Amino acid sequence: MSVKTLLAAASLVAMAATAQAEVKVGLITTLSGGGASLGIDTRDGFLLAMDAAGRDDVEVIVEDDQRKPDVAVQIADKMIQSDKVDILTGIVWSNLAMAVVPAATAQGKFYLSTNAAPAQLAGKGCNPNYFSVSYQNDNLHEAAGAYAKSEGYTKPFIMAPNYPAGHDSLNGFKRFYGGELAGEVFTQLGQTDYAAELAQIRASGADSIFFFLPGGMGISFLKQYADSGIELPVMGPAFSFDQAILQAVGDAALGVKNGSNWSKDLDVPANATFVSAFEEKYGRLPSLYAAYGYDTANLMLSALDEAEPSDADGFRAALKAADFDSVRGKFSFDTNNHPVQDIYIREVIKEGDIYTNKIVATAIEDRSSAYVADCAMQ
């Protein structure tokens, strides 16, 4: 057999081995209950990118965490021990992330966050195998705080659910607002009756309201606020004004300003492709949760082009390079593996029969996070 023939045969064997190589991804997200729309969009955005890539060497296993930390832990344990996943992703809620991520990374698994990014994991709890592709929890709220300050509000009333992201939310708002508050309230996670909070707002002398209530919580609050007779400017992060919430609330949300690092009208070629493909496949406009899922999948795929997770150093370096076309345009990771990106102010508008958002200002350019100095990965 000639040398040329031997080389050709070796090449075919290598190609066959590559074709048989399989990377397993465990996508844990909320697909039932009050927060289901967030997880469904996360899943659909992630799978849209996977479908477009046409990769048959990557298997994605999807499970419903039911927005319960104990269920999320059980699923993660099964995925790691039985399914032998290489990468975990998909969790929406920060209390679930705190229950899953530290244990997963301690076992050498990579976790790529499509959403939840609590302060604890951005600072002292940072880990080389944990990458937040979305933001750091405080970021979108910081933009709202910057907007409140620029508008001259002097006594905002602020509230959020009592869980890690809720605390990050109000900390972020206060960091960039920096002034007096009319009131600060933590509600129950999953709460749907806001009569007591609306009474507090009415009696507080507030000149504006900032709230972070994602999913069904935001729908309930905005409907009750519209019926309350209180007429104050309302601000929030994009989570409180995503596509699912807006369609459920309707006119009561029109004109509301919200902080976001993504919007469907962001003038980026990759974003136009994403929005069009998502709407064509699913028959609805994408939310920021879908955008994060899509970006996370494309980041992961770009890294897999360079190395497999079994080559931990190589895969980690490829993730850190962030060599993919983000729907947000410019995108890079800081030393704590959290994004550096622009944060915008959006306004709720109506296009035909659809409620959506448009960018009206850039609130903070090249924003990283407040906890970088606390992370040992310098």
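Data overview
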{"item": "Only listed residue being farther than 16 Å from PHE110 by Cα, at pLDDT 95 or above, assigned by TED's automatic domain parsing to the domain that holds SER37 and touching a Phe, Trp or Tyr at 6+ places or on another chain (Cβ under 7 Å), chosen from TYR294, TYR289", "result": "TYR294"}
{"item": "Test: SER310 is at pLDDT 95 or above, assigned to a loop (DSSP other than H, G, I, E, B) and crowded, with 23+ Cβ neighbours inside 10 Å", "result": "no"}
{"item": "Odd one out for LEU47, checked against (1) buried (at least 22 other Cβ atoms within 10 Å of the Cβ); (2) under 26 Å from ARG284 (Cβ atoms); (3) in contact (Cβ under 8 Å) with a residue 40 or more places away in the chain", "result": "(1)"}
{"item": "The range 55-74, residues that are in contact with an Asp or Glu (Cβ under 8 Å, 6 or more places away or on another chain) and surrounded by fewer than 24 Cβ atoms within 10 Å (Cβ to Cβ)", "result": "ASP57, VAL58, GLU59, ILE61, VAL71"}
{"item": "Candidates ALA119, ALA146, ALA97, filtered to the one that is under 18 Å from the mean Cα position of the chain (by Cα), in contact (Cβ under 8 Å) with a residue 24 or more places away in the chain and farther than 29 Å from LEU304 by Cβ", "result": "ALA119"}
{"item": "Tally of residues being touching a residue at least 60 places away in the same chain (Cβ under 8 Å), among the aliphatic types (A, V, I, L, M) and surrounded by fewer than 22 Cβ atoms within 10 Å (Cβ to Cβ) across the range 250-265", "result": "2"}
{"item": "Odd one out for LYS358 among (1) under 17 Å from SER113 (Cβ atoms); (2) not in a loop (DSSP other than H, G, I, E, B)", "result": "(1)"}
{"item": "Only listed residue being among the aliphatic types (A, V, I, L, M), part of a helix (DSSP H, G or I) and closer than 30 Å to TYR225 by Cβ, chosen from ALA244, ALA303, ALA317", "result": "ALA244"}
{"item": "Lone qualifier among PHE131, PHE110, PHE173 - being more than 23 Å from GLN74 (Cα to Cα) and of a type in the set (Phe, Trp, Tyr)", "result": "PHE173"}
{"item": "Per-region count, the range 359-378, residues surrounded by 15 or more Cβ atoms within 10 Å (Cβ to Cβ) and touching a strand residue (DSSP E or B) at 6+ places or on another chain (Cβ under 8 Å)", "result": "5"}
{"item": "The range 325-358 - residue that is of a type in the set (D, E, K, R) and either within 18 Å of the chain's Cα centre (by Cα) or within 30 Å of ASN127 (Cβ to Cβ) (or both) and, of those, surrounded by the most Cβ atoms within 10 Å (Cβ to Cβ)", "result": "ARG346"}
{"item": "Conditions (1) assigned to a loop (DSSP other than H, G, I, E, B); (2) outside the structural domain of PRO161 (by TED's automatic domain parsing); (3) within 28 Å of ARG367 (Cβ to Cβ); (4) out of contact with any Ser or Thr (no Cβ under 7 Å at 6 or more places or on another chain): number failed by PHE274", "result": "(1)"}
{"item": "Criterion (among the polar types (S, T, N, Q), on the phi < 0 side of the Ramachandran plot and outside any loop (DSSP other than H, G, I, E, B)) met by exactly one of GLN136, GLN120", "result": "GLN120"}
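The values are calculated or read from the model by the stated rules, or taken from the named source; none is laboratory data. All values reported here derive from a predicted model rather than from experimental measurement. Glycine gets a Cβ as well: all are built from the backbone with ideal geometry, and neighbour counts include every protein chain shown.
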